[in-house]
Every structure is written in C-alpha cells, then in structure tokens.
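S.K.: Take this structure, written in structure tokens, and hold onto it; I'll ask about it next.
The values are calculated or read from the model by the stated rules, or taken from the named source; none is laboratory data. Source: prediction; values computed, not measured. Don't worry about glycine lacking a Cβ; one is built from the backbone with ideal geometry, like all the others, and counts go over all protein chains shown.
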Ligand SMILES: [Zn+2]
C-alpha cells in the first residue's frame with residue numbers, strides 16, 4: 001500500500017445491469033439460485049478489477065453481493081420477520097415499510113465471511129469490509145420484542161462482533177461500520193451509540209472504522225439536506241465522543257457538502273477518511289478539485305492519517321460515472337502525494 005494518502009471508497013459501487021437494475025436502491029436481483037450466486041461473485045470480481053484499474057489502494061467488494069447495506073445483513077439473522085411489515089420513519093426523514101423484530105435476534109451462521117474470503121483470494125491489496133452499525137440497524141426495523149432501541153442495539157452489537165471477528169480471521173484489514181444514523185440521533189449517539197459500536201469491535205486487532213454521512217444521493221436525502229441550512233454542524237455532536245473512543249478511523253463527507261472542514265479538528269489523533277467525491281451528483285470531479293478538498297483537510301489532519309475517500313457509497317450512480325469518480329479520486333490523491341513528498 002502507498003504509505004501516503006491511500007485511497008478507498010465508502011463501500012458500495014454500481015452493479016452490472018445483468019445482475020440488478022442499475023441506478024436504483026433495493027434493486028431486485030435478475031438471476032436466481034446457482035446463477036445468482038455465480039453472478040454475484042462475477043460482479044465482485046469486476047468491481048475489484050474496476051477499483052484496481054482506477055488505482056484505488058484499499059479495495060472492497062463494492063457490496064456486489066448485497067441488495068442493501070443494512071437490509072441484507074438483517075435478512076440473515078433470526079428474530080426478524082420480513083413478512084410482517086410496519087411503516088416507520090427512517091432517520092426522521094422518510095417513511096418506509098420495514099420488517100418486524102418478533103423475537104430474540106441472533107446470527108446462526110456467518111453472513112459475509114465467504115464473500116470476504118473470496119475477495120481475499122483475489123487480491124493482495126489491503127481490503128476493507130463494511131457492515132451496518134447497530135444504531136442504523138435498529139432504525140431500519142419495527143421492534144415488537146425488545147421495545148427498546150438501546151437494548152436492541154446492544155444485541156446487534158454482539159452479533160456484529162461475532163461477524164467482525166470472523167471477517168478479521170478471513171483476512172479483512174479494515175472493518176467499517178456504517179452509521180448514518182449518527183448524524184440524526186445525537187442524544188442516543190452519546191448515551192449508547194458509540195458504546196455499542198465499541199462493543200461491536202471488541203477484541204479486534206485489525207483496523208476499525210465508522211462511516212458517518214448524509215446518505216446516498218436519493219431524493220429523500222437531498223430534500224433533507226436542503227433543510228439543514230448553510231453550515232452542517234452535525235458531526236460536532238458525535239465527534240467528541242468518537243475522539244475518546246477505541247474506533248480507529250472515521251469516514252466523513254466533505255465534498256460539496258456544507259460541513260465546515262474545521263470540525264475534523266474534533267477527532268484529532270484519529271485516522272480520517274475524507275470524502276472528496278460527491279456521490280449525489282453526476283458531475284465527475286476533476287483531479288484538481290479532489291486535490292483541493294484534500295489540501296483543505298490537511299489543515300486539520302496529519303498527512304499520515306489522511307485517507308482520501310468518497311462521501312458515501314456509489315451504488316445508485318451509473319457505472320461510467322462511478323468509474324470516472326474513482327479515477328478522479330486516485331489522480332487527485334496522487335497530485336497531493338507528490339506535493340507532500342516534493
Ligand atoms: Zn454513507
């Protein structure tokens with residue numbers, strides 16, 4: 001791995017159109033049974049090849065084997081009934097019909113470990129694996145069993161820890177927990193959100209990360225963002241607690257958002273994945289624009305702790321645009337790398 005400014009993505013990348021309908025969230029699979037299994041693996045290899053071709057340093061599975069970053073993990077657990085659905089408000093933003101927690105939640109078998117092993121076999125580069133965070137998981141469900149968001153979060157944290165330990169054993173270098181809910185439920189983040197995250201990483205020796213963003217570029221998110229005013233200070237609520245936590249890396253959104261960059265100062269000492277690619281726009285950044293974002297971030301994070309990244313996942317984008325953005329990220333990081341070593 002390049003020692004300086006290693007690039008990565010927040011997680012998801014577009015799927016090929018023969019696997020699922022492009023530019024759509026929760027897009028249903030187009031294949032079935034054995035063909036689906038094989039198709040997902042083929043897509044994973046393509047996604048890896050795209051990242052390598054673009055020069056991305058820390059690679060991922062592009063989330064090619066999951067329909068959705070939260071739902072797919074939950075589907076593999078006991079205690080959640082996907083037929084029994086209730087309408088809830090997700091992240092205080094939009095209504096969605098979600099599955100119901102009907103009993104004690106548990107993980108009978110590994111969810112992504114085989115996929116991680118498959119990715120490991122196909123590259124010697126460092127790999128990052130994303131899992132949903134406990135708070136974001138509970139926010140995507142109706143709970144008729146525990147009837148306590150906190151209790152259910154602790155249960156999910158235990159399950160995530162089991163999965164994370166096996167991912168580590170399969171050769172994953174960085175395990176990342178996606179917690180967009182951290183930008184919404186500030187009291188809970190500080191009461192038990194960060195603590196449940198620490199439970200999820202208990203005993204891990206690999207790198208650990210939390211990704212906190214303003215969401216995919218879908219309408220519900222864009223509408224919400226337009227209500228946030230000219231300065232987005234949400235990170236101010238969670239960063240002090242995270243700075244004190246055992247989480248090693250923090251992935252955040254910077255490009256085109258109204259996040260004041262100096263908020264990064266609040267997590268001094270942590271490794272920071274700086275979002276230098278806007279996933280809510282079809283305009284491909286120029287390498288120089290990426291470099292500008294990284295230079296600005298360097299005022300608040302030491303160069304050896306800066307990890308150029310995307311703002312969020314790119315699943316809803318078209319493949320050519322996502323590919324262009326990957327290349328821009330890579331080229332932009334290279335500009336700043338040269339400046340730093342000149
Ligand atoms: Zn995100």
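S.K.: Out of 156, 118, 182, report the one residue that is buried (at least 24 other Cβ atoms within 10 Å of the Cβ), over 16 Å from the mean Cα position of the chain (by Cα), in contact (Cβ under 8 Å) with a residue 40 or more places away in the chain and in a helix (DSSP H, G or I). Spell out the reasoning first.
M.R.: Working: 118 fails: buried (at least 24 other Cβ atoms within 10 Å of the Cβ); 182 fails: over 16 Å from the mean Cα position of the chain (by Cα).
Answer to the selection: 156.
S.K.: Would you please list the contacts, defined by Cβ atoms under 8 Å and residues six or more apart or on different chains, that run from a residue in the stretch 205-222 that is over 20 Å from residue 267 (Cβ atoms) to a residue that is near the ligand (Cβ under 10 Å from one of its atoms) and part of a helix (DSSP H, G or I)?
M.R.: Short answer, once both residue conditions are applied: 215/180; 215/221.
S.K.: Let me ask you something else. What is the number of the single condition among (1) in contact (Cβ under 8 Å) with a residue 24 or more places away in the chain; (2) touching a strand residue (DSSP E or B) at 6+ places or on another chain (Cβ under 9 Å); (3) over 20 Å from residue 326 (Cα atoms) that residue 82 does not meet?
M.R.: (1)
S.K.: Suppose we filter the stretch 185-207 for residues that are outside any helix (DSSP H, G or I) and either surrounded by fewer than 23 Cβ atoms within 10 Å (Cβ to Cβ) or out of contact with any strand residue (DSSP E or B) (no Cβ under 8 Å at 6 or more places or on another chain) (or both); how many remain?
M.R.: Our first condition is that a residue be outside any helix (DSSP H, G or I); within the stretch 185-207, this holds for 185, 201-207.
Next cut, either surrounded by fewer than 23 Cβ atoms within 10 Å (Cβ to Cβ) or out of contact with any strand residue (DSSP E or B) (no Cβ under 8 Å at 6 or more places or on another chain) (or both) only: 185, 202-207.
Qualifying residue count for the region: 7.
S.K.: If you take the residues of the stretch 68-92 that are surrounded by 15 or more Cβ atoms within 10 Å (Cβ to Cβ) and part of a loop (DSSP other than H, G, I, E, B), which of them is modelled with the lowest pLDDT?
M.R.: 91
S.K.: Only one of (1) over 23 Å from residue 292 (Cα atoms); (2) free of Cβ contacts under 8 Å to residues at least 60 places away in the same chain is not met by residue 197, so which one is it?
M.R.: Here residue 197 meets the rest and fails (2).
S.K.: A further question on this structure: So, in the stretch 262-283, how many residues would count as being surrounded by fewer than 23 Cβ atoms within 10 Å (Cβ to Cβ) and within 14 Å of the ligand (Cβ to nearest atom)?
M.R.: 2
S.K.: Oh, and also: When you scan the stretch 17-32, do you find a residue that is under 21 Å from residue 255 (Cβ atoms), in contact with a helix residue (DSSP H, G or I) (Cβ under 6 Å, 6 or more places away or on another chain) and surrounded by 15 or more Cβ atoms within 10 Å (Cβ to Cβ), even just one?
M.R.: The answer is no, given that none of the residues of the stretch 17-32 is under 21 Å from residue 255 (Cβ atoms), in contact with a helix residue (DSSP H, G or I) (Cβ under 6 Å, 6 or more places away or on another chain) and surrounded by 15 or more Cβ atoms within 10 Å (Cβ to Cβ).
S.K.: Given the residues 218, 250, which is the only one that is within 16 Å of the ligand (Cβ to nearest atom) and closer than 20 Å to residue 56 by Cβ?
M.R.: Numbers: 218 fails: closer than 20 Å to residue 56 by Cβ.
The match here is 250.
S.K.: Right, here's the next one. Consider residue 259 carefully, then state whether it is touching a residue at least 60 places away in the same chain (Cβ under 8 Å), assigned to a loop (DSSP other than H, G, I, E, B) and either out of contact with any helix residue (DSSP H, G or I) (no Cβ under 6 Å at 6 or more places or on another chain) or away from the ligand (no atom under 14 Å from the Cβ) (or both).
M.R.: Numbers: touching a residue at least 60 places away in the same chain (Cβ under 8 Å): no; assigned to a loop (DSSP other than H, G, I, E, B): yes; either out of contact with any helix residue (DSSP H, G or I) (no Cβ under 6 Å at 6 or more places or on another chain) or away from the ligand (no atom under 14 Å from the Cβ) (or both): yes.
So residue 259 does not fit the description; no.
S.K.: Could we say that residue 323 is within 16 Å of the ligand (Cβ to nearest atom) and either in contact (Cβ under 8 Å) with a residue 12 or more places away in the chain or out of contact with any helix residue (DSSP H, G or I) (no Cβ under 9 Å at 6 or more places or on another chain) (or both) here? Explain how you work it out, then say what you get.
M.R.: Details: within 16 Å of the ligand (Cβ to nearest atom): no; either in contact (Cβ under 8 Å) with a residue 12 or more places away in the chain or out of contact with any helix residue (DSSP H, G or I) (no Cβ under 9 Å at 6 or more places or on another chain) (or both): yes.
Against the criterion (within 16 Å of the ligand (Cβ to nearest atom) and either in contact (Cβ under 8 Å) with a residue 12 or more places away in the chain or out of contact with any helix residue (DSSP H, G or I) (no Cβ under 9 Å at 6 or more places or on another chain) (or both)), residue 323 does not qualify.
S.K.: Kindly establish whether residue 47 is under 27 Å from residue 225 (Cβ atoms) and either away from the ligand (no atom under 16 Å from the Cβ) or touching a residue at least 40 places away in the same chain (Cβ under 8 Å) (or both). Please lay out each step first, then the result.
M.R.: Values: under 27 Å from residue 225 (Cβ atoms): no; either away from the ligand (no atom under 16 Å from the Cβ) or touching a residue at least 40 places away in the same chain (Cβ under 8 Å) (or both): yes.
Considered against the rule, which asks whether it is under 27 Å from residue 225 (Cβ atoms) and either away from the ligand (no atom under 16 Å from the Cβ) or touching a residue at least 40 places away in the same chain (Cβ under 8 Å) (or both), residue 47 comes out as no.
S.K.: Filter the stretch 292-320 down to the residues that are in contact (Cβ under 8 Å) with a residue 60 or more places away in the chain, away from the ligand (no atom under 16 Å from the Cβ) and crowded, with 17+ Cβ neighbours inside 10 Å, then identify the one that is nearest to residue 64 (Cα to Cα).
M.R.: First, the residues of the stretch 292-320 that are in contact (Cβ under 8 Å) with a residue 60 or more places away in the chain: 294, 303-304, 306-319.
Filter once more, so that each one left must be away from the ligand (no atom under 16 Å from the Cβ): 294, 303-304, 306, 318-319.
Going one step further and asking which of them are crowded, with 17+ Cβ neighbours inside 10 Å, we end up with 294, 306, 319.
Numbers: 294: 28, 306: 27, 319: 13 Å.
Applying the filter and picking the extreme gives 319.
S.K.: Which members of the stretch 121-137 meet the condition of being in contact (Cβ under 8 Å) with a residue 60 or more places away in the chain and in a helix (DSSP H, G or I)?
M.R.: Scanning the stretch 121-137 gives 122, 134, 135, 136, 137.
S.K.: Can you tell me which residues in the stretch 221-247 are assigned to a helix (DSSP H, G or I), surrounded by 15 or more Cβ atoms within 10 Å (Cβ to Cβ) and within 16 Å of the ligand (Cβ to nearest atom)?
M.R.: 221, 224, 225, 235, 238, 242
S.K.: Exactly one condition in (1) over 18 Å from the mean Cα position of the chain (by Cα); (2) away from the ligand (no atom under 16 Å from the Cβ) is false for residue 173; which is it?
M.R.: Looking at each condition in turn, residue 173 falls short on (1).
S.K.: Among the residues of the stretch 138-145, is any under 22 Å from residue 250 (Cβ atoms), touching a residue at least 24 places away in the same chain (Cβ under 8 Å) and within 14 Å of the chain's Cα centre (by Cα)?
M.R.: No, the stretch 138-145 has no match at all.
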